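These notes concern the structure reproduced below.
Just so you know, all these numbers are worked out from the coordinates, no wet-lab data involved. In this text the structure is predicted, and so the values were computed from the model without any measurement. Glycine gets a Cβ as well: all are built from the backbone with ideal geometry, and neighbour counts include every protein chain shown.
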Amino acid sequence: MALPKLFSLNPQRLLMTHYLKILILVVFVLFAALTIAGCGNPSGETGKPPDTNDSDETDDSGNVPCVENPDFFQDLNLLIDERMASVATVTWASAEASTDHVVFGFPDSMSMTSPDELVPSINHQALLLGLKQGTEYAYQVVSYSSGNDYCSAVQTFSTGRLDAALPELILSISDVARSAGGYTMFSILCDENYIASIIDNDGNFVWAYDTQSDLVQRVRLSLDRKAVLYNNNNSADVGNATINRVSLDGLEVTQTSFPNMHHDFVETENGAYAALGWDIYTFTTEDGDRDICGDMILELAADGSSREVWNIFDWFEPDLTENYVDENCLKNPDAEDWSHTNSIWYEASENAYYITIRYLDKACKIDRSTGQLLWCVGGIDSDFTSIGEKSILNEPHSVLPVDGGLLIYENYDELAGSCAAGVMVSLDFESWTAQETWTYGTETCAKNMVFGNLEPLVNGNRMLVLSVMGQLDETTLDLETVWRVNAPVGYTFGFGERHESLY
Amino acid sequence: MIRFYITLVAFAVSCAMSRDSDTVVPKVASVVFSDADNYCFIGSLDVAGQTVAEMTNVFFSWTAVTQDVYGNAIGGADSIYRAEILNFVDLGWQEVLDGIQAGTFLQSDVDVFAYCTPQDTSCYLDDFVLGAGHPLTLSENFVQGSGTWLLRLDTRDSPEAVAELFLVPSAKSSETMAIVSNASSVFNVESEIKSVSFSSQSDLIFDWSALSVDGAGQSWEPSDADRIVLGRFDNGADGLGMRPYFFSSLADASWSADLSSETSIHLSDLSNAYDQAPDFISASSTWALALFSGITDPNWPRFLVVLKPK
């Protein structure tokens with residue numbers, strides 16, 4: 001049988017690929033054993049799961065080293081459902097039990113792969129993710145069976161248009177060589193509704209789901225990487241707030257009630273969540289009763305049970321000589337919004353939560369098991385002494401632990417005259433000092449007053465999300481902007497996060 | 001009410017340049033268009049301004065708005081589902097209108113973008129919120145000398161605002177109400193549509209490869225056209241000149257095709273909503289052909305001509 005033009009058959013290479021797979025399997029088993037024994041992630045780095053590379057099964061020219069054998073693949077079928085027209089589902093049956101994957105991409109350069117199956121089987125299914133809407137692609141199934149590496153013929157297909165009123169985003173800056181690449185997910189307010197969305201490094205939408213909600217602030221990839229999660233914080237009725245799970249193929253949508261949730265949530269284990277929640281205390285003063293709005297960390301387990309992990313009123317007291325702003329507390333707009341906790345991250349390796357408290361200018365660490373407030377940096381009565389000219393933390397809106405300290409996003413503060421920025425706060429746990437050691441702001445003072453966050457990226461770069469400015473920036477550590485996406489006027493974002501791969 | 005007017009000459013082009021507008025094309029299969037066949041278009045958007053008291057929770061009402069800036073009836077003032085306020089600290093009125101008209105503004109260009117979802121046909125200034133549902137006491141920022149403030153009203157039927165009004169916060173004003181009316185914003189259009197005659201037949205090929213200037217006098221590449229629409233106008237195409245934006249909706253019947261980089265197309269490659277191609281272009285009706293380019297504006301014809309079959 002003649003080999004197709006795209007392939008180069010090299011038996012030695014095929015043999016090496018096989019040995020490489022065995023080696024990867026051994027390493028995987030060892031790593032899993034270590035993790036189960038409690039040795040996982042000792043570095044203290046962020047606990048986000050590692051992403052996988054897109055194209056580690058292709059050779060240098062993007063070709064697949066396999067023998068074309070279409071007869072090996074039966075009932076090969078590609079389906080695109082209009083509910084998620086940029087995701088393709090490929091199904092097939094192999095002539096014998098095998099571990100397969102699909103190579104796909106533009107017809108002239110198939111550079112992406114679905115993950116290798118781990119267990120040999122006859123019937124197979126793979127999702128093709130990261131596809132632009134309305135675009136022609138090609139794909140090919142690659143199969144590893146007993147001693148043979150076969151692949152199907154290359155077939156082409158076209159994605160459809162996503163079923164959402166999406167704007168045309170503008171890729172303002174793109175230094176492909178220096179950008180981390182990957183996929184950025186965020187909510188975007190389009191007219192009346194928020195759309196949970198994912199864009200690729202070209203600024204093109206590759207996934208979008210119209211939430212039919214007027215308040216979706218956080219979109220995350222599920223821990224099992226099979227779905228997109230978003231919070232519907234339901235501005236009109238916070239008692240009906242929900243966490244929603246939409247499978248990546250768009251076909252399965254489930255909703256979990258999470259009353260009184262606001263701003264942010266995180267998935268702690270598969271199907272279990274922690275989120276910020278409203279809490280209102282009534283304080284009796286000489287001038288009468290005052291309803292003060294504060295915050296809690298609430299957990300919802302996969303079995304539906306819930307618990308309050310932490311309550312700000314147990315650790316801080318409002319200064320009743322002050323009048324706090326109203327309207328921002330959606331549980332009761334007449335209550336005074338005192339603390340305004342606004343972001344949460346769960347660090348699995350430490351079994352701890354990190355939160356930012358905007359109006360107290362603090363980022364805090366909380367033990368998940370005990371609910372103990374371990375420490376806070378910034379604001380009044382900080383556990384850390386501030387070093388340097390600039391006081392630590394001003395209107396923070398996101399926090400992530402990294403080696404040596406915290407990555408924090410700070411909002412624009414008109415009164416203080418400070419611009420929206422991403423900062424690195426280095427923490428010294430011996431001297432209990434904190435110092436701002438890295439700051440990225442845009443070339444003009446970014447006046448992003450609402451939402452926003454800072455994300456570390458796999459290549460060391462960082463992504464700054466300027467939510468209501470409708471802007472995403474990726475910067476190098478030496479403050480060079482290497483990627484920027486802008487929304488046209490009228491469109492705003494929620495929080496954003498980046499993944500190297502959607503698998 | 002003190003009113004200000006600004007005129008934006010959005011697209012200025014001399015309508016004088018023209019070849020014989022009734023060119024007779026020989027009876028051949030191809031109808032080859034030239035720049036001289038293209039329509040010419042002059043548009044200006046007049047937007048009024050109203051002075052109101054600064055740092056005041058101003059009341060906005062648009063009960064009297066019954067039509068959009070082009071004069072098309074809207075489905076009542078209550079069809080306006082969203083009001084927007086845009087503040088540009090460093091831009092003047094004309095710069096703001098230029099940017100909006102050209103569609104070049106980014107969200108990051110706006111110093112404040114806030115919106116209100118009205119319960120009826122009005123909003124207070126402090127009803128407006130930022131993205132992510134964040135409340136905002138906008139009246140605190142609404143001070144004299146704080147740049148350009150523009151109020152825009154949206155319906156679901158149009159990608160553009162149906163009415164606009166500049167707001168001028170003033171320390172000297174005690175006006176607490178701003179009324180938006182049909183006269184607040186008007187788009188004035190002058191255009192001339194030319195015609196091309198040819199022998200009616202079914203195997204026509206339309207060829208626009210020689211075009212280089214669009215109807216607004218801007219240079220363009222004919223391969224930039226991404227959509228072609230053939231319209232049949234049973235009562236003539238006189239209204240088209242004033243409203244080229246509504247080419248498809250004004251037509252009694254239309255056939256279209258998406259284009260990638262083609263610069264010609266066979267008549268039979270056009271289709272209507274029922275996936276049917278036109279049989280032929282009969283002389284009993286008025287026909288017009290338009291080319292669009294989503295790069296600029298998906299609804300403005302870059303090329304527009306009346307077809308006169310014989």
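Ranked by Cβ crowding within 10 angstrom, fewest neighbours first, how are A:Thr91, A:Thr442 ordered?
The fewest-first ordering by Cβ neighbours comes to A:Thr91, A:Thr442.
Averaged across the residues of B:106-118, what count of C-beta atoms belonging to other chains lies within 10 Å of each residue's C-beta?
Values: counts 11, 16, 17, 5, 6, 2, 3, 7, 1, 5, 0, 3, 0.
The per-residue average across the peptide is 6.
Over the Cα atoms of chain A, what is the Rg over Rh ratio if Rh follows Kirkwood?
Ratio of gyration radius to Kirkwood radius for chain A: 1.00.
Placing +1 on the Cβ of each Lys and Arg and -1 on the Cβ of each Asp and Glu in the protein assembly as shown, which of A:Gly422, B:Ser158, A:Trp345 has its Cα farthest towards the positive end of the resulting dipole?
It is B:Ser158.
Which semi-axis lengths, in whole Å and largest first, follow from the square roots of five times the eigenvalues of the Cα gyration tensor of segment A:74-133? Please report the intermediate quantities before stating the final value.
Working: eigenvalues 89, 37, 19 Å².
Semi-axes (√(5λ), whole Å): 21, 14, 10.
Once Rh is set to the Kirkwood radius over Cα pairs, what Stokes-Einstein translational diffusion coefficient, in µm²/s, holds for chain B at a temperature of 4 °C and a viscosity of 1.567 mPa s? Mind dumping the intermediate values first?
Values: Rh = 21.3 Å.
In µm²/s, the coefficient rounds to 61.
Taking only Cα atoms, what is the 0 to 90° angle, nearest 10, from helix A:11-36's long axis to the longest principal axis of chain A?
Between the helix axis and the principal axis of chain A, the angle is about 30 degrees.
Excluding A:Asp428 itself, what net charge comes from residues whose Cβ is under 14 Å from its Cβ, given Lys and Arg +1 and Asp and Glu -1?
On the way: positive: none; negative: A:Asp383, A:Asp403, A:Glu430, A:Glu436.
Here the count lands on -4.
Going by C-beta contacts inside 10 Å, put A:Cys293, B:Cys40 in order with the fewest on the left. Write down the numbers at each step before the final one.
Details: A:Cys293 27, B:Cys40 23.
Listing A:Cys293, B:Cys40 from fewest to most nearby Cβ atoms yields B:Cys40, A:Cys293.
Compare B:Gln218, B:Gln94, B:Gln107 in a GNM of chain B, Cα atoms joined below 10 Å, and give the one with the largest fluctuation.
Maximum among the listed residues: B:Gln107.
I'd like the distance between the alpha-carbon centres of segment B:117-196 and segment A:485-503, rounded to an integer number of Å.
28 Å
log10 I(q)/I(0), Debye, Cα-only segment A:324-399, no solvent, q = 0.16, 0.17 Å⁻¹?
-0.65, -0.72
Ranked highest first by the average count of other Cβ atoms within 10 Å around their residues, in what order do A:237-250, A:180-193, A:312-325 fall?
Sorting A:237-250, A:180-193, A:312-325 by mean packing, highest first, produces A:180-193, A:237-250, A:312-325.
Give me a single rounded figure for A:187-194: the average over its residues of other chain Cβ atoms within 10 Å of their Cβ.
If you average over the peptide's residues, the count of other-chain Cβ atoms is 3.
Packing-wise, with mean Cβ within 10 Å as the measure, how do A:277-288, B:185-196 rank, highest first?
Highest mean packing first, the order is B:185-196, A:277-288.
Need one value for A:464-472: mean number of C-beta atoms belonging to other chains within 10 Å of its residues' C-beta atoms.
Details: counts 0, 0, 2, 5, 10, 8, 7, 3, 0.
Average neighbour count from other chains, rounded to a whole number: 4.
Pairs B:Lys194/B:Lys310; A:Lys365/A:Lys447; B:Lys194/B:Lys308: which exceed 21 Å Cα-Cα?
A:Lys365/A:Lys447
Check which residues have an amide H placed less than 5 Å from B:Arg227's amide H, if you skip close sequence neighbours.
Under 5 Å from the amide H of B:Arg227 lie the amide H atoms of B:Leu259, B:Phe292, each far enough along the sequence or on another chain.
So which aspartates and glutamates can A:Lys331 reach, going by Cα to Cα under 13 Å and dropping same-chain residues fewer than 8 places off?
Those aspartates and glutamates meeting the cut-off are A:Asp237, A:Asp279, A:Asp291, A:Asp295.
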